[in-house]
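Colleague: Have a look at this one.
The values are calculated or read from the model by the stated rules, or taken from the named source; none is laboratory data. Remember, it's a predicted structure, so these values are computed and weren't measured experimentally. In this analysis, Cβ positions are derived from the backbone assuming ideal geometry, glycine residues included, and neighbour counts consider all displayed protein chains. Remember, those area values only see protein heavy atoms, side chains included, never the ligands or the DNA or RNA. Shrake-Rupley method; radii C 1.70, N 1.55, O 1.52, S 1.80 Å.
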Amino acid sequence: MLADREHPHVASVKIAHVSFAGRNHTIGAAETVTVDGQNLATDNVSVIEGETATISCRVKNNDDSVIQLLNPNRQTIYFREVRPLKDSRFQLVNFSDNELRVSLSNVSLSDEGRYVCQLYTDPPQEAYADIAVLVPPGNPIIESREDVVSEGNETELTCTAMGSKPAASIRWMKGEEELTGETTVEETYDRMFTVTSRVRFSVTKEDDGVPVDCIIDHPAVKDLLAQRHLEVLYKPEVKIVVTYPDGLTREGDNLDLTCIAEGKPHPHQINWLRVDDDVPPHAVVTGSDLYIENLNKSYNGTYRCVASNAVGEAYDDYILYVYDAPTTIPTPTTNPVNTQDSRASDGAPQKIDHAVIGGVVAVVMFAILCALIVLGRYFARHKGTYFTHEAKGADDAADADTAIINAEGGHSNSDEKKEYYI
């Protein structure tokens, strides 16, 4: 047959084309030949198993030469518009002088191979279309070495994607953080692949409830993943809260403390103790509460709440300092002592004695009033009439010059200085 002859004048050009059940994408390589101005071209095809592939044999400047399509076994699928092959999955899509287009439905792995577009010219031309069948992996399986893990320990997760072609790739995400896994690929007897990825990392209490995703990347499928939420055990977190009093603790007051403890699992035991001493004999412990009435200074010390669970234990301290009972109002110059600890408030603010300030102001005002009275009586007793030296004889002078002469020389017409005392 002409299809079996060698063709030394064949030239190749790289082309890419993928067909997914009518959706065409460029990914592969195809061979194109040119002879005497005629051009025969076709495209590589990638198709998902079970879907439909389309093979197109195209001719440019055809001179009525015959086009036919052969399968990988060199059997004629279509000769012009006639299908000699009895496989009904092949159907004619289009036939003209310039194109022979054939579809293959329900593609399987056995359909893979090189298909031949053949043009009966002198010499004959051939172009080759490779069909690649993609098999998506099954649903990934994610497993953990242990169901729960304690904080600070390492955990290991394994994700498996089976039965894919080509081999899938696996990525890991813990929340928003990408993790790096170790991947192994195994090829099975039927040209399929199984991919396994393992990831190891240490956990903290903040990881409790965080999702870990195994994401599968494969050209035949999108958005394929498996997810597992971490379950992390952690020791309690302990905090002492002062229920009463609100401010300083003074002699005679009562003290009420509450211990708040949270952990996973929940703390099964909460104990109160006094560091380096015994708890006062009349102190009452009720669950997480400690109550001491009628405080005195012998109760000063550090009181500790200890909570424990299966992971470990933790504690919080409260420093008790009992102040004197309030008896007198402190002077304005007294500086209170500020104590920084977990037991009480920062200390009462200083009080200003407004009575003392008012007394001082009253005394000052009284002294000013007395001084004004004495000065008034003094001026009243020394009230009188005086003539200045220049004023002597001024009353009898006809003008200013005469008044000056009278003041410097003659005083005959001037009255004597008059003074009156009361």
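Colleague: Would you pick out the residues in the range 294-340 that are modelled with pLDDT under 75 and either more than 27 Å from residue 238 (Cβ to Cβ) or crowded, with 16+ Cβ neighbours inside 10 Å (or both)?
Modeller: The first filter runs over the range 294-340 and keeps only residues modelled with pLDDT under 75, leaving 328-340.
If the condition is that a residue be modelled with pLDDT under 75 and either more than 27 Å from residue 238 (Cβ to Cβ) or crowded, with 16+ Cβ neighbours inside 10 Å (or both), then 328, 329, 330, 331, 332, 333, 334, 335, 336, 337 are the ones that fit.
Colleague: Out of the residues in the range 143-172 that are within 26 Å of the chain's Cα centre (by Cα) and of a type in the set (A, V, I, L, M), which is nearest to residue 312 (Cα to Cα)?
Modeller: Ranking the candidates gives 149 first.
Colleague: Just checking, how many residues over the range 216-244 are within 26 Å of the chain's Cα centre (by Cα), over 30 Å from residue 315 (Cα atoms) and among the aliphatic types (A, V, I, L, M)?
Modeller: Looking only at that region, the number is 4.
Colleague: Which condition from (1) over 30 Å from residue 160 (Cα atoms); (2) open to solvent by less than 20 Å² (accessible area, probe 1.4 Å); (3) in contact (Cβ under 8 Å) with a residue 60 or more places away in the chain is the one that residue 261 breaks?
Modeller: Residue 261 satisfies all of (1) over 30 Å from residue 160 (Cα atoms); (2) open to solvent by less than 20 Å² (accessible area, probe 1.4 Å); (3) in contact (Cβ under 8 Å) with a residue 60 or more places away in the chain except (3).
Colleague: Right, next: How many residues, within the range 240-250, are open to solvent by 50 Å² or more (accessible area, probe 1.4 Å), of a type outside the set (Phe, Trp, Tyr) and touching an Asp or Glu at 6+ places or on another chain (Cβ under 6 Å)?
Modeller: Residues in the range 240-250 being open to solvent by 50 Å² or more (accessible area, probe 1.4 Å), of a type outside the set (Phe, Trp, Tyr) and touching an Asp or Glu at 6+ places or on another chain (Cβ under 6 Å): 1 in total.
Colleague: Taking the range 31-90 as the region of interest, how many residues are in contact with a Gly (Cβ under 8 Å, 6 or more places away or on another chain) and either among the small types (Gly, Ala, Ser) or at pLDDT below 90 (or both)?
Modeller: Adding up the residues that qualify gives 2.
Colleague: Please tell me if residue 202 is of a type in the set (Gly, Ala, Ser), within 30 Å of residue 313 (Cα to Cα) and touching a residue at least 24 places away in the same chain (Cβ under 8 Å).
Modeller: On the way: of a type in the set (Gly, Ala, Ser): yes; within 30 Å of residue 313 (Cα to Cα): yes; touching a residue at least 24 places away in the same chain (Cβ under 8 Å): yes.
In short, yes.
Colleague: Here is a follow-up. What number of residues in the range 269-312 are small (Gly, Ala, Ser) and touching a Leu at 6+ places or on another chain (Cβ under 8 Å)?
Modeller: Number of matching residues: 3.
Colleague: Search the range 110-126 for residues being outside any strand (DSSP E or B), within 19 Å of residue 40 (Cα to Cα) and open to solvent by 30 Å² or more (accessible area, probe 1.4 Å), and hand back the single one that is modelled with the lowest pLDDT. Explain how you work it out, then say what you get.
Modeller: Step one: list which residues in the range 110-126 are outside any strand (DSSP E or B), which gives 110-112, 120-124.
From the residues that got through so far, the ones that are within 19 Å of residue 40 (Cα to Cα) too are 120-124.
Then keep just the ones that are open to solvent by 30 Å² or more (accessible area, probe 1.4 Å); that gives 120, 122-123.
Numbers: 120: 88, 122: 82, 123: 86.
Top of the filtered list is 122.
Colleague: Further question on the same structure: Which residues, taken from the range 148-180, are within 25 Å of residue 134 (Cα to Cα) and free of Cβ contacts under 8 Å to residues at least 40 places away in the same chain?
Modeller: Residues of the range 148-180 that are within 25 Å of residue 134 (Cα to Cα), as a first pass: 158-172.
Hits for the range 148-180 are 160, 162, 163, 167.
Colleague: Being of a type outside the set (D, E, K, R), over 12 Å from residue 49 (Cα atoms) and not in a strand (DSSP E or B) is the filter; apply it to the range 127-146 and report the residue that is most open to solvent (accessible area, probe 1.4 Å). First the steps, then the outcome.
Modeller: The initial filter retains those residues of the range 127-146 that are of a type outside the set (D, E, K, R), namely 127-129, 131-142, 144.
From what's left, over 12 Å from residue 49 (Cα atoms): 127-129, 138-142, 144.
Now narrow it down to the ones that are not in a strand (DSSP E or B): 138-140.
Working: 138: 34, 139: 125, 140: 18 Å².
Checking each candidate, the answer is 139.
Colleague: Please report, ordered by residue number, the strands (runs of 3 or more DSSP E) entirely within the range 147-236 with at least 1 residues that are open to solvent by less than 40 Å² (accessible area, probe 1.4 Å). Spell out how you get there, then give the answer.
Modeller: Working: elements: 154-164, 169-174, 177-179, 182-187, 193-202, 211-218, 221-229.
The strands (runs of 3 or more DSSP E) meeting that bar are 154-164, 169-174, 177-179, 193-202, 211-218, 221-229.
Colleague: Within the range 265-277, track down each residue that is open to solvent by 70 Å² or more (accessible area, probe 1.4 Å) and within 16 Å of residue 255 (Cβ to Cβ).
Modeller: 277
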